[in-house]
Amino acid sequence: MKLYHFRNKKYGLKSIKERRLKIARIHELNDPFELLGCDLSDTIMREAFNKMKENLSKNNGLVCFSQNWHSPVQWAHYSDNHKGICLGFEISEKWLLKVKYQTNRLIDPEKFDIEFMQKVISTKFSHWKYEKEYRLFIGLDITEEEKGLYYTDFSKNLELKQVIVGCNSELTRRDIKIALGDLHKKVEVFKTRPAFKTFNIVRNRTKKLWV
């Protein structure tokens with residue numbers, strides 16, 4: 001399925017040139033409720049969930065994607081106020097976990113099985129629903145660490161299909177072409193603009209407005 005990953009100018013170009021995406025560590029995510037979406041009023045349950053989150057963070061990371069690129073809020077938050085780029089990938093659905101959005105915290109289960117754990121790692125507060133998020137969880141290999149960071153390479157399972165440039169970006173067509181290198185004929189590239197009738201970000205089809 002086609003999914004989208006937002007980046008600022010610097011790290012967006014870096015991702016394209018290096019043919020890889022940075023893997024986020026669970027404890028670095030911008031939502032403090034990550035993996036803590038249950039009712040944790042019980043002290044023992046709270047300690048157990050915090051320990052679980054800590055242990056998962058040591059050996060696992062994830063890359064977050066959105067189902068679409070049209071949200072002006074996502075461009076603002078994750079692409080440096082529309083100055084960055086959005087990368088469109090084709091990813092096999094079997095590798096992905098779709099995020100579900102809830103108004104209330106999850107009720108503690110009678111048993112902690114795989115089904116419940118999948119629910120825990122894919123549940124967020126309903127106010128995040130504009131992200132329409134999918135998650136790619138990746139096990140971390142300590143031998144592949146680079147200065148404390150981890151990456152996953154572009155591949156047949158993570159195939160770059162589009163480079164979408166923000167409406168406030170100063171990036172040129174040449175900048176993107178150089179970054180893509182031998183991929184430039186295989187990847188669709190275009191710039192965006194605010195829509196005229198809705199609050200969406202859309203494709204700017206007037207090519208002469210982007211050099």
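The values are calculated or read from the model by the stated rules, or taken from the named source; none is laboratory data. Everything numeric here is computed off the predicted structure, so don't read it as measured data. All Cβ positions, glycine included, derive from the backbone under ideal geometry; neighbour counts span all protein chains shown. When the accessible area is computed, the model is the full protein with side chains, heavy atoms only, and any ligands, DNA or RNA have been set aside. Shrake-Rupley method; radii C 1.70, N 1.55, O 1.52, S 1.80 Å.
Please give the net charge around Asn60, taking every other residue with its beta carbon less than 13 angstrom from that of Asn60, where Lys and Arg add +1 and Asp and Glu add -1. Every neighbour counted, the sum reads 0. Packing order of peptides 78-91, 138-151, highest average first: 78-91, 138-151 (average count of other Cβ atoms within 10 Å over each peptide's residues).
For the chain, give the percent of accessible area contributed by carbon and sulfur heavy atoms, probe 1.4 Å, rounded to a whole number.
52
Here the range 19-120 is assigned +1 on the Cβ of each Lys and Arg and -1 on the Cβ of each Asp and Glu. Its dipole about the Cα centre then comes out at about 460 debye. The modelled label-to-label distance between Lys58 and Asn30, using points 7 Å beyond Cα along the C-beta direction, is 2.9 nm.
Only loop residues by DSSP count here, and only those with at most 15 other Cβ atoms within 10 Å; note down the GluC sites (Glu not before Pro) in the range 153-206 that meet that. Numbers along the way, then the final one.
Working: sites: Glu159, Glu170, Glu188; in loops: Glu170.
Answer by residue number: Glu170.
Dimensions of the chain from C-alpha coordinates, computed as largest minus smallest value along each principal axis and given longest first, are 61, 46, 27 Å. Cα centroids of the range 152-168 and the range 1-56: 20 Å apart. Using the Cα centre of the range 160-203 as origin and beta-carbon charges of +1 (Lys, Arg) and -1 (Asp, Glu), tell me which of Phe190, Ala179, Asn168 is placed farthest towards the positive end of the dipole. Positive-most Cα among the choices belongs to Phe190.
Calculate, in nm to one decimal, what Asp113 and Asp182 gain on full extension: separation in residues at 0.36 nm each, minus their alpha carbon distance.
Numbers: separation 69, 0.36 × 69 = 24.84 nm, distance 4.58 nm.
Roughly 20.3 nm would be gained on extension.
For the chain, report the accessible area per residue in Å² (1.4 Å probe, heavy atoms, rounded to an integer). Show your work: numbers first, answer last.
On the way: 12660 Å² over 211 residues.
Accessible area per residue: 60 Å².
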